1. Quote the charge dipole size of the stretch B:105-218 about the Cα centre in Debye, to the nearest 20; the model charges only the Cβ of Lys and Arg (+1) and of Asp and Glu (-1).
2. Cα gyration tensor of the stretch B:5-97, axes a ≥ b ≥ c as square roots of the eigenvalues: rounded (a/c below 1.5), prolate (a/b > b/c) or oblate?
3. For chain B, with a Gaussian network of springs between Cα atoms less than 10 Å apart, report the residue from B:R94, B:R72, B:R43 with the top mean-square fluctuation.
4. I'd like to know which of B:L215, B:S159, B:A203 lies farthest towards the positive end of the charge dipole of the stretch B:147-219, counting +1 on Cβ of Lys and Arg and -1 on Cβ of Asp and Glu.
5. Given DSSP loops and a limit of at most 11 other Cβ atoms within 10 Å, what is the longest stretch of chain B that contains no such GluC sites (Glu not before Pro)?
6. What whole-number value in Å² describes the accessible area per residue of the stretch B:5-97 for a 1.4 Å probe?
7. What FRET efficiency would be calculated for the residue pair B:A119, A:K85, taking the C-beta separation as r and a Förster radius of 41 Å, to the nearest 0.05?
8. If you take the square roots of the eigenvalues of the alpha-carbon gyration tensor of the stretch B:109-219 and sort them as a ≥ b ≥ c, do you get rounded (a/c under 1.5), prolate (a/b over b/c) or oblate?
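The values are calculated or read from the model by the stated rules, or taken from the named source; none is laboratory data. As the structure is a computational prediction, the values presented were derived from the model and not from experiment. Neighbour counts are summed over all protein chains in view; Cβ atoms, including those assigned to glycine, are modelled from backbone coordinates with ideal geometry. Just so you know, the surface numbers come from the protein's heavy atoms only, side chains and all, with ligands and any DNA or RNA stripped out. Shrake-Rupley method; radii C 1.70, N 1.55, O 1.52, S 1.80 Å.
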Amino acid sequence: MRKFGWPWKRTSAPAASAPEQGLTCQELVELVTAYFDGALTPFDRARFDTHLSLCDGCTRYLAQFRQTIQLTGALREDDVPEEAKERLLGAFRGWTSGGDATK
Amino acid sequence: MSPSPSAQGDPHAGEAELIARIRQRDEGAFAELVDRYHLQMVRVAQSFVRDHETAEEVAQETWLGFLKGLDRFEGRSSLKTWLFGILANIARTRGVRENRSVPFSAIQGDDPEGPTVAADRFFPAGHPSAGAWSSIPDDWEAIPEHRLLANETRATIDSAIAGLSDLQRAVIELRDIAGWSSEEVCNVLSISETNQRVLLHRARAKVRLALETYLRASG
Ligand SMILES: [Zn+2]
């Protein structure tokens with residue numbers, strides 16, 4: 001049987017024992033993308049979920065990370081610069097008038 | 001911004017029709033495809049060739065390859081897969097990418113760039129709560145939406161992304177802005193699943209940190 005030690009608590013001051021098998025907050029923050037991608041082993045995922053259910057700090061961190069992803073996703077892609085686009089449309093016109101239209 | 005039909009539902013919706021129109025020499029259809037993919041292509045190329053001008057050339061060359069090969073395209077793979085396959089080939093022959101794969105696992109903590117959250121945010125080793133937050137992260141849920149969507153917030157994210165390594169930037173832009181799957185990103189960038197995840201995590205963590213700094217300073 002594994003024993004988990006949880007030094008973080010929802011409200012009270014930190015408990016005195018060091019974690020043995022549990023994740024620390026410092027370890028958890030490095031696993032967030034793997035967690036979101038479903039890439040953790042079942043064991044690590046369980047440790048992650050358990051920690052999260054007990055830790056306000058990591059719950060907040062996860063929420064920040066999620067918001068970061070959402071805000072990044074809301075960035076609009078830039079427009080293709082005119083110059084590059086003109087050059088490409090020029091190439092297209094060359095293609096339509098060239099000998100490539102054989103099929 | 002013109003709303004693209006691909007924005008909802010199937011991201012490949014309408015591509016067969018676009019290709020049919022391009023085959024009929026419809027310039028507007030070609031322009032639409034350029035709008036959809038050109039910047040992503042430059043970014044992907046940039047992760048291989050370093051300087052922006054060469055990346056732009058690689059993308060241009062890819063479009064020429066696309067037009068030349070158009071009559072042979074049978075639609076078995078998605079247009080995107082095909083297009084970026086051409087791009088990756090050209091970029092690789094022009095590429096100067098050193099071994100920039102990431103031979104470490106952040107999970108094992110031997111990432112040469114160090115942790116993604118500063119060590120001083122946690123109680124140090126030897127402390128009874130070693131590894132636990134020494135100061136709890138801010139609650140962003142409490143921040144009004146208009147602040148999060150403000151131009152300054154966007155500019156903060158933009159400049160954080162601009163400051164990433166080429167490969168980190170390519171990964172976060174393809175995954176989180178262009179909405180690619182991790183598999184697609186691994187294929188086109190020729191990186192492993194683990195590398196992709198480490199690059200993405202590091203990129204996101206840097207953007208998060210930039211946002212935190214900005215939101216605290218402006219709060
Ligand atoms: Zn925690």
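1. Details: 11 positive and 17 negative charges, 32 e Å.
For this selection, approximately 160 debye.
2. On the way: a/c = 1.94, a/b = 1.70, b/c = 1.14.
Prolate shape, in that a/c is at least 1.5 and a/b is the bigger ratio.
3. B:R72
4. Selected residue: B:L215.
5. Values: sites that count: B:E74, B:E98.
The reported range is B:99-219.
6. Numbers: 4270 Å² over 93 residues.
That works out to 46 Å² per residue.
7. On the way: r = 47 Å, r/R0 = 1.14.
With R0 = 41 Å, the Cβ-Cβ based efficiency is 0.30.
8. Working: a/c = 2.38, a/b = 1.17, b/c = 2.04.
Note, shape of the stretch B:109-219 comes out oblate.
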